[in-house]
Structure formats: structure tokens, C-alpha cells
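The values are calculated or read from the model by the stated rules, or taken from the named source; none is laboratory data. Because the structure is predicted, anything quoted here is derived from the model rather than measured. For neighbour counting, all protein chains shown are included, and Cβ atoms are generated from backbone atoms with ideal geometry for every residue, glycine included. Heads up: the accessible areas ignore ligands, DNA and RNA and are worked out on the full protein's heavy atoms, side chains in. Shrake-Rupley method; radii C 1.70, N 1.55, O 1.52, S 1.80 Å.
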Amino acid sequence: MTAVRLAGVSCIFDAGGKPVRAVDGVDLAIERGEFFTLLGPSGSGKTTCLRMIGGFQLPTAGRIEIEGEDVSLRPPFQRPVNTVFQDYALFPHMTIAENVAYALMVRGVDKATRTRRANELLELVRLPGVGARRPAQLSGGQRQRVALARALIGEPKVLLLDEPLGALDLKLREQMQGELKRLQRQLGITFVFVTHDQHEALSMSDRIGIFNQGRLEQVATPAELYGRPRTRFVAEFVGSANVLHGELARRHAGADAVMIRPELVTLGPPEGARASGPLAEAQYFGAFWRLSVDVAGGERLMADVPVARLPEAPAPGSPVHLHWADAAVHVIQDTPA
């Protein structure tokens, strides 16, 4: 069953008398129970797309369906969705329990039921016993969990998450990624998640839609996007990539443009090397060295070499010989990044 369907959806803004296509003819189907991520750089259209699903922005053209019903022109409160925002939007004058139970209070649910359900949701997000506190007394990660509990108490069919981890530090962000995925699996609710962080998207999602200039560039599983990107934009946005053009690409793959992931490039002797050149730069990433090598034809190629194999990087300017298997080469469309 399809939870969310977008058919030819566009959104055009008026920027000083000039039309700007924030979202341009998007077709997308998100399955029920799926953790689906809208990924792309700032201004690519992903957040506008999420806002249209939630009803905060109406489409200029096209149709939006949730659970098979056309909701294109319905306001947010008439859609079976709820949204978790980056700033959490908790009410500072209310207790945590009152924040979580707010939607039930608006519906006229009695206080005893509201309190019981709020405590159940706080247990679910692993925050038992904090119901009497105020938002200012909690950490950023705890407030994020409260915002989740508040969004879930109304039992939405689709939960929309607009970069909810963006304000957290790296360690807490990684922890909350696991928590979000655990919660989604436990509840079985469809999650539509917006982020510009490729690592976040790869680690959490069942499928990812890559946005570029208002259009969906590719929709696929994380493994497919990383290993078999369709275009140069996807190859370079999702992870690091060596993109070869022209003569070098044709020599190695008989195509105008190909991609090779840096971790699939190894160092070796001059004999049999696919490319050689002086070392331009060596970056240390703890588990591996990223070596950038200037090769013939004006290309700069990267090789990610584990520290276990290369305890110290060669000196800049040292000759480096790069090797890779035929299977490491993936043909792509050479669209601008």
C-alpha cells in the first residue's frame, strides 16, 4: 500500500516578479511503513516538498495523496500526518507531559487519559519520569525526544521530520539516528525524513530520493545510490567519488563519464597501474588516509587507503600508482554537479 503519492507536483514561488520553481514536476510513491528520506543540498526543493505533504505549502500543480486520498488542498489539521521540526517548537510555559498531550487536550480528551497517554509516549521515547519538568530543564537530545512523543501521540499515519537532528552535536546526533530508526521499526509508521546530511540518510533510510534544483534526480536504496548512482550529481553528492571524463573515461570504460569510489582504489607498483602521478595531498581520517593524486589529463583522483596498510602517507610530490578492478568502474550520466 502506498502511504504518500506525489503526481506531477510543482511549487512555483514569486521572487520579485520572477517565477522560481522550488519543486518541478515531482512524481514519487512512498510505501506504507517505509523510512523514506528526501536528501539534497540547501535550496534543492526537499523541504518545500515535505511542507506540501504536510499541508503547510500548497502545490502550484499536481496531486498529493495520503493513504489513497487526495489531500492536495487540505489544511494541515485535516491530514493524517504530523511534523517534527528542527527547533522542536515546544511550549516553554508547559510541563513536558502537557507538551506531549497538547494534541489530545485540543481534541477535548479528559485529563486522566491525556496524562496516561503522555506517560506511555515518554516511556516509548525512553524519557520516563520527566513529565513534570519544563523544556528548559532538558538537554537538546531530550527535547528532541519530547517533540517526537508529542508528534506521535495523535497516532499519525505519516510522520514528517524536517531535519530534526540538525541542532544536535555529532555524538548525540549519531545516537539519535539509531533511536529514530528503532522507533520507526517498533511503531511501523511511515517516516518521511528531510536532511542534507548524506551519512545520516545512508545510515537510516529504506529508500532515498535525491533532490537537485527542484527535481528528483534518483530514488533508490542507500546501497543502490552509493554503488550505482545514475548521474554525476548523485555520485558526487552521496559520498566521495572519482568522476572520470572524456578520454580517460573512454579508455577505462568506453563511456563519456564513469565513477570510481575512492575506497576501491588501491596503491601498487608501476606495472599494471591504471593511473599514475605525484601525490598532491594526504588527509588523515583516523581509519584511513585519503590520497589525492594528480594524474595525466589534468584529473585528480582519490584513493582511501586503510591506516593498517599505510601507517604513514607518502610525502607530497611522491610518485603514486593507482590500481582498481574493472568491477569498480560504474558508468554515469555526466550531468553537472
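Annotations for the structure displayed:
- Taken together, the residues in the range 95-119 that are more than 32 Å from the chain's Cα centre (by Cα) and hydrophobic (A, V, I, L, M, F, W, C) amount to 4.
- For the range 6-23, a tally of residues being open to solvent by 60 Å² or more (accessible area, probe 1.4 Å), touching a residue at least 40 places away in the same chain (Cβ under 8 Å) and either in contact with a Leu (Cβ under 7 Å, 6 or more places away or on another chain) or not in a strand (DSSP E or B) (or both) returns 0.
- Checking each residue in the range 24-52 for being farther than 20 Å from Ser205 by Cβ and assigned to a strand (DSSP E or B) picks out Asp24, Gly25.
- Residue that is nearest to Gly227 (Cα to Cα), among those in the range 281-306 that are open to solvent by less than 40 Å² (accessible area, probe 1.4 Å) and touching a Gly at 6+ places or on another chain (Cβ under 9 Å): Leu301
- Failed item, numbered, when Glu69 is tested on (1) touching a residue at least 40 places away in the same chain (Cβ under 8 Å); (2) more than 22 Å from Val125 (Cβ to Cβ); (3) open to solvent by 40 Å² or more (accessible area, probe 1.4 Å): (1)
- Candidate set from the range 95-105 (those that are open to solvent by 50 Å² or more (accessible area, probe 1.4 Å) and touching a Phe, Trp or Tyr at 6+ places or on another chain (Cβ under 8 Å)); member that is nearest to Ile153 (Cα to Cα): Tyr102
- For the range 52-63, the condition holds for at least one residue, the condition being that it is of a type in the set (Lys, Arg), modelled with pLDDT of 95 or more and surrounded by fewer than 22 Cβ atoms within 10 Å (Cβ to Cβ).
- Scanning the range 259-280 for residues that are open to solvent by 20 Å² or more (accessible area, probe 1.4 Å), touching a residue at least 40 places away in the same chain (Cβ under 8 Å) and farther than 27 Å from Leu225 by Cβ yields Leu267, Gly268, Pro269, Pro270, Gly272, Ala273, Ser276, Pro278.
- Each residue in the range 243-258 was checked for being open to solvent by less than 70 Å² (accessible area, probe 1.4 Å) and either of a type in the set (Lys, Arg) or at pLDDT 95 or above (or both), and 0 pass.
- Some residue of the range 72-94 being within 28 Å of the chain's Cα centre (by Cα), under 25 Å from Ser203 (Cβ atoms), aromatic (Phe, Trp, Tyr) and open to solvent by less than 10 Å² (accessible area, probe 1.4 Å): no
- Counted residues, the range 92-108 - those being touching a helix residue (DSSP H, G or I) at 6+ places or on another chain (Cβ under 8 Å) and not in a helix (DSSP H, G or I): 3
- Those residues of the range 173-197 which are surrounded by 16 or more Cβ atoms within 10 Å (Cβ to Cβ), among the aliphatic types (A, V, I, L, M) and either in a helix (DSSP H, G or I) or at pLDDT below 90 (or both), in sequence order: Met176, Leu180, Leu183
- Search result, residues across the range 198-223 that are assigned to a helix (DSSP H, G or I) and open to solvent by less than 40 Å² (accessible area, probe 1.4 Å): Glu200, Ala201, Met204, Pro222
- The range 326-337, residues that are open to solvent by less than 60 Å² (accessible area, probe 1.4 Å) and of a type in the set (Gly, Ala, Ser): Ala328
- Of the listed requirements (1) in contact with an Asp or Glu (Cβ under 8 Å, 6 or more places away or on another chain); (2) under 16 Å from Tyr102 (Cβ atoms); (3) at pLDDT 90 or above; (4) not aliphatic (A, V, I, L, M), Arg145 misses just one: (3).
- Per-region count, the range 123-166, residues in a helix (DSSP H, G or I), more than 26 Å from Phe77 (Cβ to Cβ), open to solvent by 20 Å² or more (accessible area, probe 1.4 Å) and not hydrophobic (A, V, I, L, M, F, W, C): 4
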